[in-house]
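Working notes, structure below.
Just so you know, all these numbers are worked out from the coordinates, no wet-lab data involved. These figures come from a predicted structure and were not determined experimentally. Cβ coordinates were reconstructed from backbone atoms using ideal geometry, including for glycine residues, and neighbour counts include every protein chain displayed.
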Amino acid sequence: MKYANIIGTGRYVPEFEHTNAMFKEQLARTNPKLADVVDKFEASSNIKLRRYAPEGWVTSDLAVAAANDALADAGLKAEDLDMILVGTDSPDYITPATSVVVQHKLGAVNAGSFDIGCACASFPTGLVQAAGMLATNPQMKNVMVIGAYMMHKLADAENDIMSFFYSDGAGAAILSAGDKPGYLGSAFFADGQYHKHWGIYSGGTYEPATPDSVEAGRTKVKLIEPFPAEVNNDGWPARMRELAKNANFAMEDIDMAIFTQVRLNSIKLVMENLGLPLEHAHWVMDKWGYTGSACLPMAFDDARKLGKVKSGDLVTFVGSGVGYNQAAAAFVMP
C-alpha cells in the first residue's frame, strides 16, 4: 500500500506592508466612524498589517510563486507533478478553474488539476484529497496542494472595516507516495445555515452581475451577519477530538497544531480547551495578516522552516471557512 507523505512546502509573502496605522488613516478619510474599530480588531486578532501583491498580479500568480518555492524545497520539477489542487475563494475567474491557470503558468505539463472552494477549510480538504488520490492511483507519485488568497482585490477597502483582515499570500505543500504512513486521518463538518453570513453575493447564478449590483457593491465581499464565536472556539476543539478518534492518536501526541490564522485569541482558547501547551501551536497573522485560503499552508511552512516541525512529529491542520465548512487532517512528518 502507498502512503502520502508531505515532502516539501513553500510560500509567497508579498513585500508591500499595509500597516494598521495606514488602514486607520485610510478609514479616517472615508468612514471616520470605523477608524476606531481598528485598535479593537488588532487586540483580539494580533493582526498588525496586511501584505499586498504587486499591481497587476492575480491569485494564480501568488499560487505559482508558492508552488515554485515548494518544488525547490522538495527537490522536484514542475514536470514531476501528477496533480495540482488549488484552494481559494478569490479565484482568477468564476470559470475556468484557477488551478488550470496555475498548471499552465507553472509548466506542470504532466499534471491534472482542480479547484477546491471551501475557503479556509480548503487546504486540509486538499491534503485529504491528495492523500486519497496517492493511495488509490498507482500511477500517481506527486500531488501539490496550494492555498492562495487575494480577497483584498474583491473588497471595498475604503468603506468596509472587514478589509482589516484581507491580506494577500499563498502556501503550498507537495505530497508524495511512500512506504511509511504519513497521512493519518481526517474530520469534516459543515453548517450551511450560515451561507448568507459572509460572501460575494452578486456575480453568480443567484444574482448575475448587473450595473446596479456593481454600483451597490454587491459584487464585493461583504460580512452580512457575524458568525457566532462558538463556530471556531467550540468547532475547532470538536474537529480536533474527532480527528484524534478517527486517526487513533491521543491529544497529547500532537507536536504542532495549525489553525486558521484569523484571531490569536481563538487559538489560545482552543489550545486551553484541548489541554495543549500554546507552544504546540504556531501563528503568523502578526507578520502576514489574515490570508484566508492560504493561511494554513503559510503557517505550516513557516513552522517547518523555523525548525518547529521535525521528522516524526505529529501535525494537525484545522481550517474553518465561510459557509461554513470545517476540515481537519493529521500527518506524521517523514
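In the calculated pair distance distribution of segment 193-334, what percentage of Cα-Cα distances lie above 25 Å? Don't skip to the answer; put the middle values down first.
On the way: 3494 of 10011 pairs.
The answer is 35 percent, as a whole percent.
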About its Cα centre, segment 137-274 carries a charge dipole, from +1 on Lys and Arg Cβ atoms and -1 on Asp and Glu Cβ atoms, whose size in debye to the nearest 20 is 340
Exposure-ranked with fewest Cβ neighbours within 10 Å first, Phe114, Phe123, Phe317 stand as Phe114, Phe317, Phe123
Within the under-10-Å Cβ sphere about Ala35, not counting Ala35, Lys/Arg +1 and Asp/Glu -1 give a net charge of 0
Here segment 317-334 yields Karplus 3J(HN,Hα) values (6.51, -1.76, 1.60; θ = phi - 60°; whole Hz; Gly and Pro given as x) of 10, 10, x, 10, x, 4, x, 10, 10, 10, 9, 9, 8, 10, 9, 9, 6, x
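At 37 °C and a viscosity of 0.692 mPa s, what translational diffusion coefficient does Stokes-Einstein give for segment 1-135, taking Rh as the Kirkwood radius over Cα pairs? Give it in µm²/s as a whole number.
Working: Rh = 17.1 Å.
In µm²/s, the coefficient is 192.
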With +1 at each Lys and Arg Cβ and -1 at each Asp and Glu Cβ, the charge dipole magnitude of the chain around its Cα centre, to the nearest 20 debye, comes out at 320
Sorted by chain and then number, the residues having a modelled amide H within less than 5 Å of the amide H of Ser90, at least 5 places away or on another chain, are Met150
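What FRET efficiency do you get for Asn233 and Asp179 if R0 is 51 Å and r is their Cβ-Cβ distance, rounded to the nearest 0.05?
Details: r = 40 Å, r/R0 = 0.78.
For R0 = 51 Å, the calculated efficiency reads 0.80.
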Yeah, segment 1-76 with a ≥ b ≥ c from its alpha-carbon gyration tensor (a/c under 1.5 is rounded, else prolate when a/b outruns b/c, oblate otherwise) is prolate
Among Ala108, Met83, Ala130, the residue whose Cα sits farthest towards the positive end of the charge dipole of segment 3-181 (+1 at Cβ of Lys and Arg, -1 at Cβ of Asp and Glu, taken about the Cα centre) is Ala130
Most exposed to least, judged by fewest other Cβ atoms within 10 Å, Tyr324, Tyr194 sort to Tyr194, Tyr324
Kirkwood Rh for the chain from C-alpha pairs, in Å, is 19.9
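Rank the residues Ser293, Ser176 as a footprinting-exposure proxy: fewest other Cβ atoms within 10 Å of their Cβ go first.
Ser176, Ser293
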Note, segment 177-184: 3J(HN,Hα) by Karplus (6.51, -1.76, 1.60, θ = phi - 60°), whole Hz, Gly/Pro = x, goes 6, x, 8, 9, x, x, 5, 10
Percent antiparallel among DSSP beta bridges confined to the chain, nearest 5, equals 70
Treating every alpha carbon of segment 192-275 as one equal point scatterer without solvent, the Debye formula yields log10 I(q)/I(0) values at q = 0.12, 0.16, 0.17, 0.22 Å⁻¹ of -0.55, -0.74, -0.78, -1.01
For Ile258, the residues 5 or more places away or on another chain with a placed amide H closer than 5 Å to its own amide H are Thr316, Phe317, Val318
